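The values are calculated or read from the model by the stated rules, or taken from the named source; none is laboratory data. Just so you know, these numbers come straight off a predicted model, no measurement behind them. Please note: Cβ atoms are built from the backbone with ideal geometry, for glycine as well, and neighbour counts cover all protein chains shown.
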């Protein structure tokens, strides 16, 4: 499969576009590549279905973190709009009664209900994140796959934490068959 945006064109002049012209250009590029030219195009290796499936765990965790951050921002914005500083902690809904507006009066009931509605998905996201992190932790400790072992070795390096090592291994080393340093960007 050839991405049409990878076909080189002269951008300074107008050109005719048609499928027939694109096919001719792709065939010329294919001949050049077959005769040994290296910079005609880049080969993209598509991961196997199983390798792609293993990558969903950390991608899902990143999505959950972003969604949790947006609910945190929404809660903070709702409180700040009334002159209230948000207090952090796991007992936040219980602290809601103690919060006061800028003039010392209690929070209006409509705002309180809205804050609790926004906090409910926030709490669900935290629980889902904890479950994913626990699953990842047990996988890191018990799995004997080569990619997980690479992650363990990376974590021993100075400056690389468990999240960074997991991300590098799952996105880069777990499914790619690197033959040269150049394929790895080095």
Only residues in the range 32-51 that are outside the structural domain of residue 147 (by TED's automatic domain parsing) and in a helix (DSSP H, G or I) count as the first member; pair them with residues that are exposed (fewer than 10 other Cβ atoms within 10 Å of the Cβ) and modelled with pLDDT of 75 or more, Cβ under 9 angstrom, at least 6 apart or cross-chain, and list the lot.
-> none
For the range 167-174, indicate whether the set of residues that are surrounded by 14 or more Cβ atoms within 10 Å (Cβ to Cβ) and modelled with pLDDT of 85 or more is non-empty.
-> no
Mind checking whether some residue in the range 96-110 is in contact (Cβ under 8 Å) with a residue 40 or more places away in the chain, surrounded by 11 or more Cβ atoms within 10 Å (Cβ to Cβ), assigned to a helix (DSSP H, G or I) and not assigned by TED's automatic domain parsing to the domain that holds residue 168?
-> no
Matching entry among 79, 99 (being under 30 Å from the mean Cα position of the chain (by Cα) and over 24 Å from residue 62 (Cβ atoms)) | 79
Name the residues in the range 127-147 that are surrounded by 14 or more Cβ atoms within 10 Å (Cβ to Cβ) and either within 25 Å of residue 66 (Cα to Cα) or touching a strand residue (DSSP E or B) at 6+ places or on another chain (Cβ under 6 Å) (or both), would you?
-> 128, 129, 132, 133, 136, 139, 140
Could you look through the range 9-28, keep only residues that are under 27 Å from residue 46 (Cβ atoms) and surrounded by 10 or more Cβ atoms within 10 Å (Cβ to Cβ), and pick out the one that is modelled with the lowest pLDDT?
-> 9
